[in-house]
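In what follows, a single structure is set out as structure tokens and then discussed.
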Amino acid sequence: MQATMEIQRTIGVAAGRERTWKASTTPELISKWFMPFVFARLEVGAPVHVTTPPADVAGEIAIVDPMDCFGYRWQIALPNPAMTLVTFTLETVPEGTRITVTESGFDILPEDVRTARYN
């Protein structure tokens, strides 16, 4: 097993950083391009709910670094209480903004769940 198991994807968008930040941190907007995502306050510790059939998965906001990084932890293997961390890191590039989405923490999941979710 790797020391840190993570999945990472990077996409470029033809939009400024402020617009990209808003699209990544506003529940109605992130739900349009990522997954159904609900939270009431954009602050560390605020609860989040992510709809990923067949369940509504609970979590909490873990990182709010305006215009740079947003992250949340979520319980992806119900009923196991282990949580992975998903981060959205923004970087200004000549074409607009680069978003790197990283999910880490798979190494703390039970092996059967890790195999199903990580591979």
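The values are calculated or read from the model by the stated rules, or taken from the named source; none is laboratory data. Everything quoted here is computed from the prediction, not taken from an experiment. Note that we place each Cβ from the backbone using ideal geometry, even for glycine, and neighbour counts take in every protein chain shown. Accessible surface areas use protein heavy atoms only, side chains included; no ligands, DNA or RNA. Shrake-Rupley method; radii C 1.70, N 1.55, O 1.52, S 1.80 Å.
Would you check the accessible area of ILE63, probe 1.4 Å, heavy atoms only, in square angstrom rounded to 10?
Accessible area of ILE63: about 50 Å².
So how exposed is LEU29, as accessible area in Å² (1.4 Å probe, rounded to 10)?
Approximately 60 Å² for this residue.
Using the alpha-carbon centroid of each, what span in Å lies between the range 61-119 and the range 14-53?
If you average the Cα positions of each part, the centres end up 13 Å apart.
In debye to the nearest 20, how big a dipole does the chain give about its Cα centre with +1 on each Lys and Arg Cβ and -1 on each Asp and Glu Cβ?
Once rounded to the nearest 20, the dipole reads 260 debye.
Taking a 1.4 Å probe, which of ILE30, ILE108 shows the most accessible area, and what order do the others take after it?
The residues order as ILE108, ILE30, largest area first.
Run lengths n ≥ 4 of DSSP H only: what is the helix-derived mean residue ellipticity at 222 nm for the chain, with -39500 (n - 2.57) per run over all residues, to the nearest 500?
Using -39500 (n - 2.57) per qualifying helix, the result is -5500 deg cm²/dmol.
Multiplying the sequence separation of ALA46 and ALA82 by 0.36 nm and subtracting their Cα-Cα distance, what value in nm do you get?
Stretched out fully, the ALA46 to ALA82 stretch lengthens by 11.2 nm.
Run the 1.4 Å probe and let me know the accessible area of ASP107, rounded to the nearest 10 Å².
For ASP107, the solvent-accessible surface is approximately 50 Å².
How big is the charge dipole of the range 1-67 about its Cα centre, in debye rounded to the nearest 20, if each Lys and Arg gets +1 on its Cβ and each Asp and Glu gets -1 on its Cβ?
Here the range 1-67 has a charge dipole of around 280 debye.
If you count only protein heavy atoms with a 1.4 Å probe, what accessible area per residue comes out for the chain, rounded to a whole Å²?
57
Largest first, what is the accessible-area ranking of GLU60, GLU111 with a 1.4 Å probe?
My answer, sorted largest first, is GLU111, GLU60.
With a 1.4 Å probe and every protein chain kept in, tell me what percent of the accessible surface of the chain is carbon plus sulfur.
The C+S portion of the solvent-accessible surface of the chain is 55 percent.
Computed FRET efficiency, Cβ-Cβ of ARG98 and VAL57, R0 35 Å: what is it to the nearest 0.05?
0.80
From the residues VAL13, THR51, THR102, which one has its Cα farthest along the dipole of the chain in the positive direction, the dipole being from +1 and -1 charges on Cβ of Lys/Arg and Asp/Glu about the Cα centre?
Most positive-ward Cα: VAL13.
Grab the Cα-Cα distance for TRP33 and THR115, subtract it from 0.36 nm times how many residues apart they are, and report the gain in nm with one decimal.
26.9 nm
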